[in-house]
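Visitor: Got a structure here, written out as structure tokens. Questions coming.
The values are calculated or read from the model by the stated rules, or taken from the named source; none is laboratory data. In this text, all values refer to a predicted model and were calculated from it rather than measured experimentally. Don't worry about glycine lacking a Cβ; one is built from the backbone with ideal geometry, like all the others, and counts go over all protein chains shown.
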Amino acid sequence: MRIPCPYCGARDAQEFTYLGDANPKRPDRMEATEAAMFDYVYQRDNPAGRFRELWYHGAGCHAWLVVTRDTKTHAIEAAEPAKPSKAGAAA
Amino acid sequence: MRYSVFSLLAQTLAGHKGWKPAWRDAAPKHEYDVLVIGGGGHGLATAYYLASQHGISNVAVIEKGYIGSGNVGRNTTIIRSNYLLPGNTPFYEHSMKLWEGLEQDINYNAMVSQRGVLNLYHSDAQRDAYARRGNAMRLAGVDAELLDREQVRAMVPFFNYETGRFPIQGGLLQRRGGSVRHDAVAWGYARAADQRGVDIVQNCEVTGLSIENGRVTGVETSRGPIKAKKIALAVAGNSSRLAAMAGMRLPIESHVLQAFVSEGVKPLIDTVVTYGAGHFYVSQSDKGGLVFGGDIDGYNSYAQRGNLPVIEDVMESAMALWPGVGRLRVLRHWGGIMDMSMDGSPIIDHTPIDGLYLNAGWCYGGFKATPASGWCFAHLIARDEPHPVATAFRLDRFTTGRVIDEKGVGAQPNLH
């Protein structure tokens with residue numbers, strides 16, 4: 001599997017570290033109830049098909065990417081920076 | 001037909017023309033008492049024990065492909081009960097005891113071979129961890145022996161002992177561990193369940209679950225609707241998809257795990273060995289091929305095929321442990337889909353929906369658990385209470401904090 005890094009070009013997946021689902025957002029402040037934290041930490045949609053997930057390009061540009069991939073075919077539709085970059089900011 | 005030396009002799013004299021199919025290719029009826037979704041090892045064992053232990057035989061097992069086409073056909077056939085944590089030890093030991101009596105119980109040759117499972121250690125810290133594990137096992141009535149380097153060398157002399165970054169210092173041996181012919185497990189349970197009246201329905205894919213007032217009433221399938229009072233999910237790899245049909249989310253991700261078989265060679269290794277310095281394990285099948293594997297691919301996948309980086313990693317571990325295997329060719333490799341749960345342990349429990357039961361999250365340790373998984377799941381379905389050796393495998397353990405993190409690597413499926 002090769003991941004089309006927007007900064008480095010298509011690279012072998014071995015250069016990257018996988019984190020998982022890119023959709024969950026950590027509940028903050030008053031929203032961070034026990035149930036919401038449980039949902040965030042443990043529960044997963046785990047879809048068969050189109051999936052947005054986080055990869056870290058540790059052997060390349062050190063950027064976090066959101067990769068859109070089909071979990072049934074491993075075909076990659078897009079790879080974008082996880083955070084729209086501010087100059088010099090850690091992703 | 002009961003298989004015995006006499007039936008074999010009679011068939012031999014008759015030119016082997018009288019063998020019957022091992023189970024009926026049943027068409028689904030309109031209604032069952034219990035519907036088991038998933039015709040793998042766990043689903044078939046569940047149906048068999050429902051019939052044999054609880055007298056519930058109005059049961060169907062429905063399978064989207066053919067039975068044994070999923071993970072029971074993918075594993076590396078190893079059985080063991082060398083677990084450390086209280087939630088796990090009695091369950092896996094129960095499974096081991098069921099393996100020991102399985103062939104007599106189901107009248108089927110599953111080639112249960114207690115050739116031993118040897119976990120190698122390579123450092124003082126790892127030796128201490130294995131000593132602790134062995135002690136925990138022996139306290140729970142499970143057999144365990146801590147071997148030093150020379151004892152290991154006497155068992156498996158051809159490994160790389162002297163050089164390398166991870167010299168072998170010894171190993172933890174469970175002599176009752178070993179391997180079982182995996183396909184025969186599916187076929188044997190299917191035949192034994194069928195003989196007790198269970199319908200084995202193949203090529204029948206579930207497309208929807210019918211739920212009325214918080215209670216399941218049946219399923220929609222590619223072969224029409226089927227009603228059932230109780231529905232049991234045993235579809236490891238696809239648990240999230242089935243649960244989504246019931247509006248549930250699970251603490252599970254699906255990942256590919258690959259397995260490998262070399263070309264057939266004369267007997268080389270008469271036990272199962274795991275390499276403690278990397279993730280690699282190897283045994284030899286009765287056909288002569290070395291069967292081995294390593295890590296999961298480590299990202300969500302339903303593809304049932306692996307990718308090359310893990311293959312390279314497994315081969316590197318193999319060469320580090322056993323340089324001689326470099327002379328062998330890999331005959332084939334394949335991938336299956338694992339339910340990676342968030343603490344690395346399984347789930348056998350009710351769901352919040354009445355009449356819907358869940359057997360999931362086996363990570364990549366499901367094969368050794370097959371008999372006890374079926375036994376405990378059948379108990380839960382029949383009596384609506386968990387079996388004493390499976391009380392820790394609750395779905396709510398993630399909210400109550402009672403996670404079972406056997407490997408101690410945290411609550412993320414990509415680390416197990």
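Visitor: For residues that are under 17 Å from the mean Cα position of the chain (by Cα) and among the hydroxyl-bearing types (Ser, Thr, Tyr), scanning just the range B:26-55, find the one that is surrounded by the most Cβ atoms within 10 Å (Cβ to Cβ).
Guide: Per the stated criteria, the residue is B:THR46.
Visitor: Does the range B:56-67 contain at least one residue that is more than 24 Å from B:ARG2 (Cα to Cα), surrounded by 22 or more Cβ atoms within 10 Å (Cβ to Cβ) and touching a Leu at 6+ places or on another chain (Cβ under 7 Å)?
Guide: Taking every residue of the range B:56-67 in turn, at least one turns out to be more than 24 Å from B:ARG2 (Cα to Cα), surrounded by 22 or more Cβ atoms within 10 Å (Cβ to Cβ) and touching a Leu at 6+ places or on another chain (Cβ under 7 Å).
Visitor: Is there a residue in the range B:403-411 that is assigned to a strand (DSSP E or B), under 30 Å from B:ILE269 (Cα atoms) and among the charged types (D, E, K, R)?
Guide: no
Visitor: Would you pick out the residues in the range A:48-63 that are assigned to a strand (DSSP E or B) and touching a residue at least 40 places away in the same chain (Cβ under 8 Å)?
Guide: Within the range A:48-63, A:TRP55, A:TYR56 meet the criteria.
Visitor: Also: Cβ-Cβ distance below 7 Å, separation of 6 or more or different chains: which pairs start in the range B:338-351 with a residue that is over 16 Å from B:CYS376 (Cβ atoms) and in contact (Cβ under 8 Å) with a residue 60 or more places away in the chain and end on one that is among the charged types (D, E, K, R) and in a loop (DSSP other than H, G, I, E, B)?
Guide: Matching pairs, first to second residue: B:ASP343/B:ASP405; B:GLY344/B:ASP405; B:GLY344/B:GLU406; B:GLY344/B:LYS407.
Visitor: Of these, B:LEU98, B:LEU118, which one is in a helix (DSSP H, G or I), under 26 Å from the mean Cα position of the chain (by Cα) and among the aliphatic types (A, V, I, L, M)?
Guide: B:LEU98
Visitor: Taking into account only those residues within the range B:329-354 that are under 18 Å from B:ALA234 (Cβ atoms) and among the charged types (D, E, K, R), which is surrounded by the fewest Cβ atoms within 10 Å (Cβ to Cβ)?
Guide: B:ASP349
Visitor: Right, next: Is there a residue in the range B:316-324 that is within 20 Å of the chain's Cα centre (by Cα), over 30 Å from B:ASP396 (Cβ atoms) and free of Cβ contacts under 8 Å to residues at least 24 places away in the same chain?
Guide: no
Visitor: Report yes if some residue within the range B:40-52 is out of contact with any strand residue (DSSP E or B) (no Cβ under 8 Å at 6 or more places or on another chain), touching a residue at least 60 places away in the same chain (Cβ under 8 Å) and part of a loop (DSSP other than H, G, I, E, B); otherwise report no.
Guide: Looking through the range B:40-52, at least one residue is out of contact with any strand residue (DSSP E or B) (no Cβ under 8 Å at 6 or more places or on another chain), touching a residue at least 60 places away in the same chain (Cβ under 8 Å) and part of a loop (DSSP other than H, G, I, E, B).
Visitor: Can you name every residue in the range A:1-22 that is closer than 20 Å to B:ALA303 by Cβ and not in a strand (DSSP E or B)?
Guide: Passing the criteria: A:MET1, A:ALA13, A:GLN14, A:PHE16, A:ALA22.
Visitor: Pairs please, first residue from the range B:288-315 and within 14 Å of chain A (Cβ to nearest Cβ) and surrounded by 20 or more Cβ atoms within 10 Å (Cβ to Cβ), second anywhere and among the basic types (Lys, Arg) and not in a strand (DSSP E or B), Cβ atoms under 7 Å, 6+ apart in sequence or on different chains.
Guide: Within 7 Å, the pairs are B:TYR302/A:LYS72.
Visitor: Out of the residues in the range A:24-47 meeting the condition of being closer than 30 Å to A:ARG11 by Cα, of a type in the set (D, E, K, R) and part of a loop (DSSP other than H, G, I, E, B), tell me which one is nearest to the other protein chains (Cβ to nearest Cβ).
Guide: A:ASP45
Results for (1) within 14 Å of another protein chain (Cβ to nearest Cβ); (2) out of contact with any Gly (no Cβ under 8 Å at 6 or more places or on another chain), shown as yes or no for each residue.
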{"position": "B:VAL330", "(1), (2)": "no, yes"}
{"position": "B:ILE337", "(1), (2)": "yes, no"}
{"position": "B:ALA360", "(1), (2)": "yes, yes"}
{"position": "B:PHE367", "(1), (2)": "no, no"}
{"position": "B:ALA372", "(1), (2)": "no, yes"}
{"position": "B:HIS387", "(1), (2)": "no, yes"}
{"position": "B:ARG394", "(1), (2)": "yes, yes"}
{"position": "B:GLY401", "(1), (2)": "yes, yes"}
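Visitor: On to the next question. Any idea which residue in the range B:240-250 is surrounded by the fewest Cβ atoms within 10 Å (Cβ to Cβ), counting only those that are out of contact with any Ser or Thr (no Cβ under 6 Å at 6 or more places or on another chain) and facing chain A (nearest Cβ under 10 Å)?
Guide: B:ARG249
Visitor: Related question: Checking A:ALA91 against (1) at pLDDT 95 or above; (2) more than 12 Å from every other protein chain (Cβ to nearest Cβ): exactly one of these is not met. Which one?
Guide: Result: A:ALA91 fails condition (1) only.
Visitor: Turning to a different aspect of this structure: Taking the stated definitions as given, is B:ILE67 closer than 21 Å to B:THR221 by Cα and touching a residue at least 24 places away in the same chain (Cβ under 8 Å)?
Guide: Against the criterion (closer than 21 Å to B:THR221 by Cα and touching a residue at least 24 places away in the same chain (Cβ under 8 Å)), B:ILE67 qualifies.
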